[in-house]
1. Between region B:52-127 and region A:138-171, how far is it from one alpha carbon centroid to the other, in angstrom?
2. Taking Cα atoms, how many degrees apart are the long axis of helix A:83-95 and the longest axis of chain A, rounded to 10 and kept between 0 and 90?
3. Can you give me the relative contact order of region B:74-198 as a percent, contacts being Cα pairs under 8 Å and 6 or more apart?
4. Report for the protein assembly as shown the percent antiparallel among DSSP-assigned beta bridges with both residues inside it, nearest 5.
5. When we measure straight from the Cα of residue B:24, which aspartates and glutamates land under 18 angstrom away, once same-chain ones fewer than 8 places off are left out?
6. Among all the lysines, which ones have a C-alpha under 19 Å from residue B:235's C-alpha, if same-chain residues fewer than 8 places away are not counted?
7. Could you estimate the translational diffusion coefficient of region B:202-280 from the Stokes-Einstein equation, with Rh from the Kirkwood formula over C-alpha pairs, at 10 °C and 1.306 mPa s, in whole µm²/s?
8. Rg to Rh for the protein assembly as shown: what is it, with Cα atoms only and Rh by Kirkwood?
Amino acid sequence: MTDPAWADGEVLLRVDDLHKSFGHLEVLKGISMDVRTGEVVVIFGRSGSGKSTLLRCINFLEDPTRGTIELHGIQLTGGHRNRAKREKIRKLRMRTGMVFQQFNLFPHLTAIQNVIEGPVTVKGVSEAEARPLGTELLGRVGLADKADEYPIRLSGGQQQRVAIARALAMSPDVMLFDEPTSALDPELIGEVLATMRYLATDMHMTMVVVTHEMGFAREVAHRMVFFNEGVILEEGTPDEIFNRTRFPETRRFLDAVL
Amino acid sequence: MTELEPTSRRSRLVGDLFRREGAKGVAVALLSTAVVLFAIGWLVVHSKNWPAVKDSFFNAQEFRDSFPDIAQKFVRNIEYFLIGEVFILSLALFLAVLRSLPGPVFFPLRALAITYVDLFRGIPTILVIYILGFGVPSLGLRGVPVSATFWGLVGLVLSYSAYVSEVYRAGIESVHPSQVGSARSLGLTRLQALRFVIVPQAVRRVIPPLLNDFVALQKDTALVAFVVAVPEAFKEAQIIQNADFNFTPLVAAALLFLLITVPLTRLVDWLSARERGRRQGGAVL
(Lines give C-alpha, C1' and ligand atoms only; values in the text may rest on other atoms or scores of the structure.)
Protein backbone atom coordinates (compact mmCIF):
# COMPACT_ATOMS: atom_id res chain seq x y z
CA MET A 1 0.00 0.00 0.00
CA THR A 2 1.17 3.51 -0.65
CA ASP A 3 1.73 5.88 2.18
CA PRO A 4 -1.01 5.27 4.71
CA ALA A 5 -0.33 7.15 7.91
CA TRP A 6 -0.14 3.97 9.93
CA ALA A 7 2.20 2.05 7.62
CA ASP A 8 5.36 3.39 9.21
CA GLY A 9 3.74 3.98 12.59
CA GLU A 10 5.23 2.17 15.53
CA VAL A 11 3.98 -1.19 16.61
CA LEU A 12 1.39 -0.56 19.33
CA LEU A 13 0.13 -4.04 20.02
CA ARG A 14 2.23 -7.13 19.60
CA VAL A 15 0.83 -10.62 19.90
CA ASP A 16 3.53 -13.25 19.96
CA ASP A 17 3.04 -17.00 19.62
CA LEU A 18 -0.23 -16.97 21.51
CA HIS A 19 -1.78 -20.29 22.49
CA LYS A 20 -5.07 -20.92 24.20
CA SER A 21 -6.59 -24.22 25.16
CA PHE A 22 -9.89 -24.99 26.81
CA GLY A 23 -9.25 -28.38 28.36
CA HIS A 24 -8.01 -30.58 25.54
CA LEU A 25 -9.31 -28.27 22.87
CA GLU A 26 -6.64 -25.98 21.49
CA VAL A 27 -8.41 -22.94 20.11
CA LEU A 28 -5.41 -20.74 19.36
CA LYS A 29 -2.37 -22.53 17.99
CA GLY A 30 0.35 -19.92 17.98
CA ILE A 31 -0.95 -16.55 16.83
CA SER A 32 1.54 -13.77 16.10
CA MET A 33 0.55 -10.39 14.82
CA ASP A 34 1.56 -6.74 15.13
CA VAL A 35 -0.85 -3.84 15.08
CA ARG A 36 0.52 -0.39 14.39
CA THR A 37 -0.76 2.88 15.78
CA GLY A 38 -3.78 4.01 13.76
CA GLU A 39 -4.13 0.72 11.96
CA VAL A 40 -7.48 -0.99 11.43
CA VAL A 41 -7.19 -4.77 11.32
CA VAL A 42 -10.18 -6.90 10.42
CA ILE A 43 -10.12 -10.50 11.55
CA PHE A 44 -12.44 -12.87 9.77
CA GLY A 45 -13.01 -16.58 9.50
CA ARG A 46 -15.45 -19.33 10.33
CA SER A 47 -17.03 -19.39 13.77
CA GLY A 48 -14.97 -21.48 16.11
CA SER A 49 -11.76 -20.49 14.37
CA GLY A 50 -10.56 -18.60 17.45
CA LYS A 51 -11.21 -14.97 16.46
CA SER A 52 -13.17 -13.99 19.55
CA THR A 53 -10.85 -15.95 21.79
CA LEU A 54 -7.92 -13.96 20.45
CA LEU A 55 -9.64 -10.67 21.35
CA ARG A 56 -10.51 -11.96 24.80
CA CYS A 57 -6.91 -13.06 25.28
CA ILE A 58 -5.57 -9.67 24.24
CA ASN A 59 -7.19 -8.03 27.28
CA PHE A 60 -6.92 -11.17 29.40
CA LEU A 61 -10.63 -11.77 29.79
CA GLU A 62 -9.29 -15.21 28.94
CA ASP A 63 -5.85 -16.20 30.13
CA PRO A 64 -3.69 -17.33 27.24
CA THR A 65 -2.14 -20.73 27.88
CA ARG A 66 1.16 -19.36 26.69
CA GLY A 67 2.53 -16.59 24.51
CA THR A 68 2.99 -12.87 24.96
CA ILE A 69 0.86 -9.75 24.65
CA GLU A 70 2.66 -6.45 24.53
CA LEU A 71 0.86 -3.12 24.48
CA HIS A 72 2.55 0.20 24.93
CA GLY A 73 5.33 -1.17 27.09
CA ILE A 74 3.08 -3.44 29.13
CA GLN A 75 4.23 -6.96 28.52
CA LEU A 76 2.26 -9.95 29.73
CA THR A 77 2.73 -13.65 29.25
CA GLY A 78 0.17 -16.42 29.50
CA GLY A 79 -0.14 -18.93 32.27
CA HIS A 80 -0.32 -18.51 36.01
CA ARG A 81 -1.46 -15.23 37.56
CA ASN A 82 0.08 -13.59 40.57
CA ARG A 83 -0.57 -10.27 42.26
CA ALA A 84 1.89 -8.26 40.18
CA LYS A 85 0.50 -9.76 37.01
CA ARG A 86 -3.07 -8.97 38.01
CA GLU A 87 -2.16 -5.33 38.44
CA LYS A 88 -0.50 -5.32 35.01
CA ILE A 89 -3.59 -6.92 33.52
CA ARG A 90 -5.70 -4.11 34.94
CA LYS A 91 -3.36 -1.52 33.40
CA LEU A 92 -3.58 -3.35 30.10
CA ARG A 93 -7.37 -3.36 30.24
CA MET A 94 -7.44 0.35 30.94
CA ARG A 95 -5.59 0.84 27.66
CA THR A 96 -7.84 -1.43 25.61
CA GLY A 97 -11.48 -0.75 24.91
CA MET A 98 -13.72 -3.70 24.16
CA VAL A 99 -17.04 -3.81 22.37
CA PHE A 100 -19.03 -7.01 22.71
CA GLN A 101 -21.39 -8.81 20.39
CA GLN A 102 -24.22 -8.57 22.94
CA PHE A 103 -23.39 -4.92 23.87
CA ASN A 104 -23.37 -5.83 27.59
CA LEU A 105 -24.42 -2.40 28.77
CA PHE A 106 -25.12 -2.12 32.47
CA PRO A 107 -28.93 -2.20 32.50
CA HIS A 108 -29.26 -0.43 35.85
CA LEU A 109 -27.40 2.65 34.62
CA THR A 110 -28.43 5.32 32.11
CA ALA A 111 -26.52 5.72 28.85
CA ILE A 112 -24.27 8.43 30.25
CA GLN A 113 -23.73 6.59 33.52
CA ASN A 114 -22.65 3.59 31.48
CA VAL A 115 -20.18 5.74 29.60
CA ILE A 116 -18.61 7.32 32.67
CA GLU A 117 -18.59 4.16 34.83
CA GLY A 118 -14.99 3.44 33.83
CA PRO A 119 -13.55 6.90 34.51
CA VAL A 120 -15.51 7.25 37.76
CA THR A 121 -14.83 3.84 39.25
CA VAL A 122 -11.45 2.98 37.79
CA LYS A 123 -9.79 6.37 37.48
CA GLY A 124 -11.56 7.98 40.43
CA VAL A 125 -12.83 10.96 38.46
CA SER A 126 -15.83 12.59 40.13
CA GLU A 127 -19.17 12.14 38.44
CA ALA A 128 -19.52 15.87 37.90
CA GLU A 129 -16.14 16.00 36.17
CA ALA A 130 -16.81 12.94 34.06
CA ARG A 131 -20.20 14.07 32.79
CA PRO A 132 -18.92 16.51 30.14
CA LEU A 133 -16.69 13.75 28.78
CA GLY A 134 -19.66 11.41 28.71
CA THR A 135 -21.79 13.96 26.90
CA GLU A 136 -19.05 14.56 24.37
CA LEU A 137 -18.57 10.86 23.66
CA LEU A 138 -22.30 10.25 23.35
CA GLY A 139 -22.33 13.15 20.90
CA ARG A 140 -19.62 11.48 18.86
CA VAL A 141 -21.68 8.32 18.52
CA GLY A 142 -24.74 10.46 17.72
CA LEU A 143 -26.65 9.84 20.94
CA ALA A 144 -26.29 13.08 22.89
CA ASP A 145 -30.07 13.24 23.24
CA LYS A 146 -30.24 9.75 24.79
CA ALA A 147 -27.87 10.47 27.67
CA ASP A 148 -30.42 9.87 30.39
CA GLU A 149 -32.20 6.88 28.85
CA TYR A 150 -31.79 3.41 30.29
CA PRO A 151 -30.46 0.75 27.91
CA ILE A 152 -33.83 -0.99 27.84
CA ARG A 153 -35.29 2.04 26.09
CA LEU A 154 -32.65 2.03 23.36
CA SER A 155 -32.55 0.02 20.16
CA GLY A 156 -29.82 -2.57 19.70
CA GLY A 157 -27.91 -0.23 17.41
CA GLN A 158 -28.13 2.59 19.93
CA GLN A 159 -27.04 0.29 22.73
CA GLN A 160 -24.02 -0.79 20.76
CA ARG A 161 -23.09 2.84 20.07
CA VAL A 162 -23.34 3.59 23.79
CA ALA A 163 -21.10 0.57 24.37
CA ILE A 164 -18.58 2.06 21.93
CA ALA A 165 -18.73 5.38 23.79
CA ARG A 166 -18.26 3.53 27.07
CA ALA A 167 -15.12 1.86 25.76
CA LEU A 168 -13.82 5.16 24.38
CA ALA A 169 -14.29 6.85 27.76
CA MET A 170 -11.15 5.18 29.11
CA SER A 171 -9.16 6.78 26.23
CA PRO A 172 -7.86 3.40 25.13
CA ASP A 173 -4.88 2.98 22.82
CA VAL A 174 -6.66 0.26 20.93
CA MET A 175 -10.29 -0.75 20.47
CA LEU A 176 -11.26 -4.39 20.21
CA PHE A 177 -14.56 -5.18 18.48
CA ASP A 178 -15.95 -8.66 18.96
CA GLU A 179 -18.53 -9.15 16.19
CA PRO A 180 -20.16 -5.82 17.08
CA THR A 181 -22.99 -6.13 14.55
CA SER A 182 -23.79 -9.85 14.68
CA ALA A 183 -26.57 -9.51 17.22
CA LEU A 184 -28.27 -6.63 15.42
CA ASP A 185 -31.28 -6.54 13.16
CA PRO A 186 -30.16 -5.81 9.59
CA GLU A 187 -31.56 -2.29 9.57
CA LEU A 188 -29.52 -1.35 12.64
CA ILE A 189 -26.14 -2.58 11.42
CA GLY A 190 -25.46 0.49 9.30
CA GLU A 191 -25.48 2.99 12.16
CA VAL A 192 -22.96 0.95 14.16
CA LEU A 193 -20.68 0.49 11.16
CA ALA A 194 -20.91 4.22 10.48
CA THR A 195 -19.78 4.93 14.03
CA MET A 196 -16.89 2.51 13.66
CA ARG A 197 -15.93 4.09 10.34
CA TYR A 198 -15.93 7.47 12.06
CA LEU A 199 -13.62 6.11 14.77
CA ALA A 200 -11.22 4.80 12.14
CA THR A 201 -11.14 7.67 9.69
CA ASP A 202 -11.79 10.73 11.86
CA MET A 203 -10.36 9.71 15.20
CA HIS A 204 -7.57 7.55 13.72
CA MET A 205 -8.29 4.98 16.37
CA THR A 206 -6.30 1.78 16.33
CA MET A 207 -8.83 -1.00 15.93
CA VAL A 208 -8.92 -4.77 15.84
CA VAL A 209 -12.29 -5.83 14.51
CA VAL A 210 -13.71 -9.34 14.36
CA THR A 211 -16.54 -9.12 11.84
CA HIS A 212 -18.24 -10.71 8.89
CA GLU A 213 -19.11 -7.32 7.42
CA MET A 214 -16.97 -7.58 4.33
CA GLY A 215 -18.20 -4.25 2.96
CA PHE A 216 -16.85 -2.54 6.06
CA ALA A 217 -13.60 -4.49 5.78
CA ARG A 218 -13.12 -3.55 2.14
CA GLU A 219 -13.70 0.12 2.85
CA VAL A 220 -12.10 0.68 6.22
CA ALA A 221 -9.58 -2.06 6.99
CA HIS A 222 -5.91 -1.51 6.33
CA ARG A 223 -5.22 -5.15 6.78
CA MET A 224 -7.33 -8.29 6.84
CA VAL A 225 -6.44 -11.42 8.71
CA PHE A 226 -8.03 -14.78 7.92
CA PHE A 227 -8.32 -17.19 10.81
CA ASN A 228 -8.58 -20.88 10.13
CA GLU A 229 -8.61 -23.53 12.83
CA GLY A 230 -6.65 -21.51 15.35
CA VAL A 231 -3.96 -20.18 13.07
CA ILE A 232 -3.60 -17.18 10.79
CA LEU A 233 -3.83 -18.73 7.38
CA GLU A 234 -3.53 -15.59 5.33
CA GLU A 235 -3.30 -11.84 5.73
CA GLY A 236 -3.08 -8.88 3.44
CA THR A 237 -4.66 -5.65 2.32
CA PRO A 238 -8.35 -5.80 1.41
CA ASP A 239 -7.30 -5.62 -2.21
CA GLU A 240 -5.03 -8.62 -1.80
CA ILE A 241 -7.62 -10.60 0.11
CA PHE A 242 -10.59 -9.87 -2.11
CA ASN A 243 -8.84 -9.93 -5.47
CA ARG A 244 -5.77 -12.09 -5.11
CA THR A 245 -6.59 -14.69 -2.44
CA ARG A 246 -3.85 -17.26 -2.16
CA PHE A 247 -5.67 -19.98 -0.26
CA PRO A 248 -8.74 -21.90 -1.38
CA GLU A 249 -10.05 -21.89 2.24
CA THR A 250 -10.11 -18.10 2.24
CA ARG A 251 -11.75 -18.02 -1.16
CA ARG A 252 -14.41 -20.48 -0.07
CA PHE A 253 -15.16 -18.47 3.04
CA LEU A 254 -15.40 -15.22 1.11
CA ASP A 255 -17.67 -16.80 -1.48
CA ALA A 256 -19.91 -17.98 1.32
CA VAL A 257 -20.30 -14.61 3.05
CA LEU A 258 -20.19 -12.20 0.13
CA MET B 1 -51.60 -18.38 27.64
CA THR B 2 -52.61 -15.30 25.72
CA GLU B 3 -50.23 -12.46 25.01
CA LEU B 4 -49.01 -10.53 28.01
CA GLU B 5 -50.14 -6.98 27.76
CA PRO B 6 -49.04 -4.20 30.08
CA THR B 7 -52.48 -4.30 31.70
CA SER B 8 -51.59 -7.65 33.25
CA ARG B 9 -49.59 -5.66 35.75
CA ARG B 10 -52.79 -4.45 37.34
CA SER B 11 -55.08 -6.33 39.64
CA ARG B 12 -54.88 -9.75 38.11
CA LEU B 13 -57.78 -11.20 40.00
CA VAL B 14 -60.61 -9.13 38.63
CA GLY B 15 -58.76 -7.22 35.90
CA ASP B 16 -57.71 -10.31 33.94
CA LEU B 17 -61.11 -11.83 34.33
CA PHE B 18 -62.69 -8.73 32.93
CA ARG B 19 -60.37 -8.70 29.93
CA ARG B 20 -60.81 -12.38 29.20
CA GLU B 21 -64.50 -12.86 29.96
CA GLY B 22 -66.03 -9.40 29.91
CA ALA B 23 -68.67 -8.02 32.29
CA LYS B 24 -70.72 -11.20 32.11
CA GLY B 25 -67.75 -13.26 33.26
CA VAL B 26 -67.16 -10.99 36.22
CA ALA B 27 -70.83 -11.20 37.17
CA VAL B 28 -70.76 -15.00 37.02
CA ALA B 29 -67.62 -15.08 39.12
CA LEU B 30 -69.09 -12.78 41.75
CA LEU B 31 -72.34 -14.73 41.87
CA SER B 32 -70.67 -18.12 42.24
CA THR B 33 -68.36 -16.72 44.92
CA ALA B 34 -71.40 -15.40 46.82
CA VAL B 35 -73.15 -18.77 46.55
CA VAL B 36 -70.12 -20.67 47.85
CA LEU B 37 -69.57 -18.24 50.72
CA PHE B 38 -73.23 -18.36 51.62
CA ALA B 39 -73.19 -22.16 51.62
CA ILE B 40 -70.14 -22.31 53.87
CA GLY B 41 -71.61 -19.64 56.15
CA TRP B 42 -74.91 -21.49 56.36
CA LEU B 43 -73.16 -24.75 57.27
CA VAL B 44 -71.10 -23.09 59.97
CA VAL B 45 -73.96 -21.11 61.46
CA HIS B 46 -76.20 -24.17 61.58
CA SER B 47 -73.64 -26.46 63.14
CA LYS B 48 -74.52 -27.86 66.54
CA ASN B 49 -72.11 -25.86 68.64
CA TRP B 50 -72.22 -22.61 66.67
CA PRO B 51 -73.76 -20.52 69.46
CA ALA B 52 -70.99 -21.51 71.87
CA VAL B 53 -68.28 -21.05 69.24
CA LYS B 54 -69.76 -17.74 68.20
CA ASP B 55 -69.69 -16.52 71.74
CA SER B 56 -66.14 -17.54 72.47
CA PHE B 57 -64.56 -16.54 69.11
CA PHE B 58 -66.76 -13.83 67.65
CA ASN B 59 -68.10 -12.02 70.65
CA ALA B 60 -68.80 -8.45 69.54
CA GLN B 61 -68.59 -6.94 72.98
CA GLU B 62 -65.35 -8.75 73.75
CA PHE B 63 -63.99 -7.59 70.40
CA ARG B 64 -64.83 -3.96 71.08
CA ASP B 65 -63.28 -4.14 74.53
CA SER B 66 -60.07 -5.89 73.58
CA PHE B 67 -59.36 -4.44 70.16
CA PRO B 68 -57.91 -1.06 71.30
CA ASP B 69 -55.45 -2.73 73.69
CA ILE B 70 -54.34 -5.27 71.12
CA ALA B 71 -54.06 -2.63 68.42
CA GLN B 72 -51.89 -0.59 70.75
CA LYS B 73 -49.59 -3.57 71.26
CA PHE B 74 -49.67 -4.29 67.55
CA VAL B 75 -47.69 -1.09 67.09
CA ARG B 76 -44.87 -3.01 68.78
CA ASN B 77 -45.14 -5.74 66.14
CA ILE B 78 -44.73 -3.14 63.45
CA GLU B 79 -41.76 -1.74 65.34
CA TYR B 80 -40.10 -5.14 65.63
CA PHE B 81 -40.81 -5.73 61.98
CA LEU B 82 -39.28 -2.47 60.82
CA ILE B 83 -36.25 -2.62 63.08
CA GLY B 84 -35.71 -6.30 62.29
CA GLU B 85 -36.02 -5.75 58.56
CA VAL B 86 -33.30 -3.09 58.50
CA PHE B 87 -30.84 -5.45 60.17
CA ILE B 88 -31.98 -8.46 58.18
CA LEU B 89 -31.55 -6.69 54.85
CA SER B 90 -28.04 -5.52 55.72
CA LEU B 91 -26.81 -8.71 57.37
CA ALA B 92 -28.26 -10.86 54.59
CA LEU B 93 -26.66 -8.78 51.86
CA PHE B 94 -23.37 -8.97 53.71
CA LEU B 95 -23.66 -12.77 53.88
CA ALA B 96 -24.62 -13.07 50.22
CA VAL B 97 -21.68 -10.92 49.16
CA LEU B 98 -19.31 -12.93 51.35
CA ARG B 99 -20.56 -16.02 49.64
CA SER B 100 -20.02 -14.52 46.20
CA LEU B 101 -16.46 -13.37 46.82
CA PRO B 102 -14.30 -14.74 44.04
CA GLY B 103 -11.04 -16.59 44.23
CA PRO B 104 -9.32 -19.02 46.58
CA VAL B 105 -8.19 -16.30 49.00
CA PHE B 106 -11.73 -15.76 50.19
CA PHE B 107 -12.52 -19.42 50.71
CA PRO B 108 -12.66 -19.14 54.54
CA LEU B 109 -15.16 -16.29 54.34
CA ARG B 110 -17.29 -18.20 51.86
CA ALA B 111 -17.20 -21.26 54.09
CA LEU B 112 -18.20 -19.15 57.07
CA ALA B 113 -21.16 -17.66 55.23
CA ILE B 114 -22.29 -21.09 54.04
CA THR B 115 -22.07 -22.51 57.55
CA TYR B 116 -24.09 -19.64 58.92
CA VAL B 117 -26.82 -20.01 56.36
CA ASP B 118 -26.98 -23.80 56.76
CA LEU B 119 -27.17 -23.46 60.51
CA PHE B 120 -29.87 -20.84 60.76
CA ARG B 121 -31.95 -22.12 57.91
CA GLY B 122 -31.86 -25.53 59.50
CA ILE B 123 -33.21 -24.50 62.90
CA PRO B 124 -36.86 -23.48 63.28
CA THR B 125 -37.07 -19.75 63.90
CA ILE B 126 -39.00 -20.26 67.10
CA LEU B 127 -36.21 -22.39 68.55
CA VAL B 128 -33.62 -19.74 67.76
CA ILE B 129 -35.78 -17.13 69.47
CA TYR B 130 -36.37 -19.41 72.44
CA ILE B 131 -32.73 -20.32 72.91
CA LEU B 132 -31.51 -16.76 72.60
CA GLY B 133 -34.41 -15.16 74.48
CA PHE B 134 -34.10 -17.45 77.47
CA GLY B 135 -30.48 -18.48 77.19
CA VAL B 136 -28.45 -15.34 76.75
CA PRO B 137 -30.07 -13.20 79.47
CA SER B 138 -29.71 -16.04 81.97
CA LEU B 139 -25.98 -16.22 81.26
CA GLY B 140 -25.76 -12.94 83.15
CA LEU B 141 -22.88 -11.71 81.01
CA ARG B 142 -21.61 -8.29 81.97
CA GLY B 143 -22.41 -5.56 79.44
CA VAL B 144 -24.76 -7.78 77.46
CA PRO B 145 -28.40 -6.67 77.24
CA VAL B 146 -30.71 -8.84 79.33
CA SER B 147 -33.95 -7.78 77.66
CA ALA B 148 -35.86 -10.75 76.31
CA THR B 149 -37.33 -8.52 73.61
CA PHE B 150 -33.84 -7.66 72.46
CA TRP B 151 -32.74 -11.29 72.21
CA GLY B 152 -36.00 -12.41 70.71
CA LEU B 153 -35.50 -9.83 68.02
CA VAL B 154 -31.90 -10.90 67.54
CA GLY B 155 -33.14 -14.45 67.03
CA LEU B 156 -35.58 -13.26 64.39
CA VAL B 157 -32.83 -11.29 62.63
CA LEU B 158 -30.35 -14.18 62.68
CA SER B 159 -32.88 -16.65 61.37
CA TYR B 160 -34.32 -14.45 58.65
CA SER B 161 -30.92 -13.22 57.50
CA ALA B 162 -30.11 -16.77 56.48
CA TYR B 163 -33.21 -17.01 54.29
CA VAL B 164 -32.90 -13.54 52.85
CA SER B 165 -29.22 -14.00 52.03
CA GLU B 166 -30.25 -16.92 49.83
CA VAL B 167 -32.66 -14.64 48.01
CA TYR B 168 -29.87 -12.13 47.44
CA ARG B 169 -27.55 -14.89 46.31
CA ALA B 170 -30.07 -16.09 43.75
CA GLY B 171 -30.19 -12.51 42.48
CA ILE B 172 -26.42 -12.24 42.30
CA GLU B 173 -26.18 -15.50 40.39
CA SER B 174 -28.90 -14.45 37.97
CA VAL B 175 -26.78 -11.58 36.65
CA HIS B 176 -25.20 -12.80 33.42
CA PRO B 177 -21.42 -13.37 33.57
CA SER B 178 -20.97 -11.15 30.52
CA GLN B 179 -21.71 -8.22 32.84
CA VAL B 180 -18.58 -9.05 34.77
CA GLY B 181 -16.68 -9.34 31.49
CA SER B 182 -17.68 -5.90 30.33
CA ALA B 183 -17.00 -4.36 33.73
CA ARG B 184 -13.56 -5.96 33.90
CA SER B 185 -12.74 -4.97 30.33
CA LEU B 186 -13.06 -1.37 31.55
CA GLY B 187 -10.49 -2.08 34.24
CA LEU B 188 -12.79 -2.59 37.23
CA THR B 189 -11.42 -5.00 39.80
CA ARG B 190 -13.45 -8.05 40.74
CA LEU B 191 -14.68 -6.36 43.89
CA GLN B 192 -15.58 -3.18 42.03
CA ALA B 193 -17.49 -5.23 39.48
CA LEU B 194 -19.35 -6.93 42.31
CA ARG B 195 -20.14 -3.70 44.06
CA PHE B 196 -21.02 -1.41 41.17
CA VAL B 197 -22.34 -3.80 38.54
CA ILE B 198 -23.51 -7.10 40.00
CA VAL B 199 -25.01 -6.27 43.38
CA PRO B 200 -27.07 -3.27 42.20
CA GLN B 201 -28.66 -5.40 39.48
CA ALA B 202 -29.16 -8.34 41.81
CA VAL B 203 -30.90 -6.24 44.45
CA ARG B 204 -33.30 -4.77 41.91
CA ARG B 205 -34.22 -8.20 40.67
CA VAL B 206 -34.94 -9.69 44.07
CA ILE B 207 -37.14 -6.92 45.45
CA PRO B 208 -40.38 -8.89 44.89
CA PRO B 209 -39.14 -12.10 46.57
CA LEU B 210 -37.63 -9.97 49.35
CA LEU B 211 -41.03 -8.43 49.95
CA ASN B 212 -42.43 -11.93 50.25
CA ASP B 213 -40.10 -12.49 53.14
CA PHE B 214 -41.25 -9.14 54.54
CA VAL B 215 -44.76 -10.49 54.75
CA ALA B 216 -43.56 -13.62 56.51
CA LEU B 217 -41.47 -11.57 58.90
CA GLN B 218 -44.39 -9.34 59.77
CA LYS B 219 -46.31 -12.43 60.86
CA ASP B 220 -43.38 -13.99 62.65
CA THR B 221 -42.93 -10.99 64.92
CA ALA B 222 -45.61 -12.84 66.92
CA LEU B 223 -43.05 -15.57 67.59
CA VAL B 224 -41.17 -13.16 69.81
CA ALA B 225 -44.17 -13.46 72.13
CA PHE B 226 -43.10 -16.98 73.01
CA VAL B 227 -40.34 -15.49 75.01
CA VAL B 228 -41.78 -14.32 78.33
CA ALA B 229 -42.81 -10.75 78.88
CA VAL B 230 -42.36 -9.53 75.35
CA PRO B 231 -45.18 -7.12 74.68
CA GLU B 232 -46.83 -7.46 71.27
CA ALA B 233 -50.28 -8.10 69.82
CA PHE B 234 -50.42 -11.89 70.13
CA LYS B 235 -49.21 -11.85 73.71
CA GLU B 236 -51.70 -9.16 74.62
CA ALA B 237 -54.49 -11.14 73.01
CA GLN B 238 -53.45 -14.21 74.98
CA ILE B 239 -53.44 -12.25 78.22
CA ILE B 240 -56.94 -10.95 77.59
CA GLN B 241 -58.08 -14.39 76.48
CA ASN B 242 -56.84 -15.91 79.73
CA ALA B 243 -58.52 -13.20 81.78
CA ASP B 244 -61.88 -13.27 80.01
CA PHE B 245 -62.02 -16.97 79.04
CA ASN B 246 -62.81 -15.81 75.52
CA PHE B 247 -60.94 -16.34 72.24
CA THR B 248 -62.23 -13.26 70.46
CA PRO B 249 -59.06 -11.26 71.24
CA LEU B 250 -57.05 -13.79 69.21
CA VAL B 251 -59.35 -13.21 66.24
CA ALA B 252 -58.86 -9.49 66.73
CA ALA B 253 -55.10 -9.98 66.65
CA ALA B 254 -55.42 -12.10 63.50
CA LEU B 255 -57.40 -9.31 61.84
CA LEU B 256 -54.69 -6.82 62.67
CA PHE B 257 -52.05 -9.01 61.03
CA LEU B 258 -54.22 -9.42 57.95
CA LEU B 259 -54.58 -5.67 57.75
CA ILE B 260 -50.85 -5.41 57.09
CA THR B 261 -50.05 -8.66 55.31
CA VAL B 262 -52.80 -8.64 52.69
CA PRO B 263 -51.96 -5.22 51.23
CA LEU B 264 -48.26 -6.16 51.37
CA THR B 265 -48.97 -9.38 49.49
CA ARG B 266 -50.90 -7.52 46.81
CA LEU B 267 -48.00 -5.07 46.52
CA VAL B 268 -45.61 -7.98 46.01
CA ASP B 269 -47.82 -9.44 43.28
CA TRP B 270 -47.98 -6.11 41.54
CA LEU B 271 -44.23 -5.57 41.74
CA SER B 272 -43.49 -9.08 40.52
CA ALA B 273 -45.76 -8.62 37.54
CA ARG B 274 -44.14 -5.31 36.77
CA GLU B 275 -40.66 -6.82 37.00
CA ARG B 276 -41.72 -9.62 34.65
CA GLY B 277 -43.11 -7.08 32.23
CA ARG B 278 -39.87 -5.13 32.31
CA ARG B 279 -37.73 -8.13 31.58
CA GLN B 280 -39.90 -9.19 28.71
CA GLY B 281 -40.04 -5.64 27.42
CA GLY B 282 -36.30 -5.31 27.23
CA ALA B 283 -33.70 -7.17 25.27
CA VAL B 284 -32.33 -10.03 27.32
CA LEU B 285 -28.74 -9.04 27.81
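1. Value for the Cα centre distance between the two parts: 43 Å.
2. 80 degrees
3. Taking the mean separation of contacting Cα pairs over the length of region B:74-198, I get 31 percent.
4. Of those bridges, close to 55 percent are antiparallel.
5. Qualifying aspartates and glutamates at Cα under 18 Å: B:16.
6. B:73, B:219
7. Details: Rh = 14.4 Å.
Reported coefficient: 110 µm²/s.
8. Values: Rg = 31.9 Å, Rh = 28.3 Å.
Ratio value, two decimals: 1.13.
The values are calculated or read from the model by the stated rules, or taken from the named source; none is laboratory data. Computed from a predicted structure; not experimentally measured. Glycine gets a Cβ as well: all are built from the backbone with ideal geometry, and neighbour counts include every protein chain shown. Accessible surface is based on the protein model in full, side chains and every heavy atom, while ligands, DNA and RNA are left aside. Shrake-Rupley method; radii C 1.70, N 1.55, O 1.52, S 1.80 Å.
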